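What follows is a set of notes on a single structure, which appears directly below.
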Amino acid sequence: LIVTHWSIPSEPAVELTTRMVELQRTGIAKNWAQAHQIASLEMIGSIGPSEYAHPANWAGFAVFGAYSN
């Protein structure tokens, strides 16, 4: 379950969640929490427009009850 603590604009939300799924699916991330961490750091550093680096666009997400094989 991925939830947000506040409303996040659609474009950065899609970028972050899509990247999380890709990281988990390809095995780059060991679990959903790590996928969230990597995707967030990538948004801060390089993915999308520079305004995506602002915490309002990524810091509100939290991963709860994640299970990974």
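Details
- Selection of first residues in the range 55-66 that are under 14 Å from LEU41 (Cα atoms) and of second residues that are among the small types (Gly, Ala, Ser), restricted to Cβ pairs under 7 Å at least 6 apart or on distinct chains, gives the following pairs, ordered by first then second residue: TRP58/SER40.
- Test: residue in the range 40-54 that is open to solvent by less than 60 Å² (accessible area, probe 1.4 Å), out of contact with any Asp or Glu (no Cβ under 9 Å at 6 or more places or on another chain) and either at positive phi or at pLDDT below 90 (or both): yes
- Subset of the range 1-39 [open to solvent by 60 Å² or more (accessible area, probe 1.4 Å), outside any helix (DSSP H, G or I), under 17 Å from VAL63 (Cβ atoms) and not basic (Lys, Arg)]: LEU1, ILE2, THR4, HIS5, TRP6, ILE28, ASN31
The values are calculated or read from the model by the stated rules, or taken from the named source; none is laboratory data. Every value quoted in this text rests on a predicted model; they were computed, and no experiment measured them. Note: ideal-geometry Cβ built from the backbone for every residue, glycine included; neighbour counts use all protein chains shown. These area figures cover heavy atoms from the full protein model, side chains too; ligands, DNA and RNA do not enter into them. Shrake-Rupley method; radii C 1.70, N 1.55, O 1.52, S 1.80 Å.
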